[in-house]
């Protein structure tokens, strides 16, 4: 890739705008096994990532690698959905991982929903639970803001006291209650991956205050905060973290759980987005 991050985001944004020929109200990033939400949109326009200038490629099972833009059923709300994301562990830089978020912002999108599949660290969490992200701990040990600063992207030292909008969390909890769903809040810890964590590492995470653990979301949330976007984060707990149950962890389990809760997940996401 050549050019500044700002210029690359502008190039991607121009291409997407020309392809979809409409404005976007809310952007959504779907995690592993959660891509079905994109299929619920009406009047869908599908743009494969490989066609978008400077976008990386999704290489992980459960990440279709498509930008899907359409209307939320029964509304005039235009939603841009990333059916799969890019991960640091795939070998991409954090500039590449977060470029789509910067492109959305360049398109005028101010509302962002980040979802992921995560392991449950907090005692009592079970597979199939949905957790609102109230805060995060960045154990990836790297920031997407590292490097030469470009003031067009926002402050060099952005405040991180409310990365995940308190108001959006309130709306999501009210939406869940209206659907008769239990939606807890918790702290998401991000690691580089791609290996799962050891039981000793999970014990450490619990001491540090983590409720769930995964390998994404945090870099995207950081750049969104830098640019002043309002962000909602939702984790699908797909498994108990290492050492909490006497069973191995595998990606197939993650995918299966996404399929099992897809109906409830889509209902919650749709009801929440309407109110955002």
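Report yes if residue 261 is within 24 Å of residue 171 (Cα to Cα), out of contact with any helix residue (DSSP H, G or I) (no Cβ under 9 Å at 6 or more places or on another chain) and at pLDDT below 95, otherwise no.
In short, yes.
One residue is enough: does the stretch 65-83 have a residue meeting the conditions crowded, with 21+ Cβ neighbours inside 10 Å and not in a strand (DSSP E or B)? Looking for residues that are crowded, with 21+ Cβ neighbours inside 10 Å and not in a strand (DSSP E or B), one finds none in the stretch 65-83, hence no. Evaluated against (1) farther than 19 Å from residue 36 by Cα; (2) surrounded by fewer than 22 Cβ atoms within 10 Å (Cβ to Cβ), residue 99 falls short on exactly one condition, (2).
Give the residue, chosen from 145, 236, that is surrounded by 14 or more Cβ atoms within 10 Å (Cβ to Cβ) and not in a loop (DSSP other than H, G, I, E, B). Explain how you work it out, then say what you get.
Details: 145 fails: not in a loop (DSSP other than H, G, I, E, B).
Matching residue, one of 145, 236: 236.
Select from the stretch 10-39 the residues that are part of a helix (DSSP H, G or I) and at pLDDT below 95 and write down the one among them that is nearest to the chain's Cα centre (by Cα).
Narrowing the stretch 10-39 to residues part of a helix (DSSP H, G or I): 10-20, 35-39.
Going one step further and asking which of them are at pLDDT below 95, we end up with 35-39.
Values: 35: 12, 36: 14, 37: 13, 38: 14, 39: 17 Å.
Within the stretch 10-39, the match that is nearest to the chain's Cα centre (by Cα) is 35.
Listed residues 102, 57; which is under 27 Å from residue 215 (Cα atoms) and in a loop (DSSP other than H, G, I, E, B)? Break it down stepwise before answering.
Details: 102 fails: in a loop (DSSP other than H, G, I, E, B).
After applying the criteria, what remains is 57.
The values are calculated or read from the model by the stated rules, or taken from the named source; none is laboratory data. Source: prediction; values computed, not measured. Note that each Cβ is placed from the backbone with ideal geometry, even for glycine, and that neighbours are counted across all protein chains shown.
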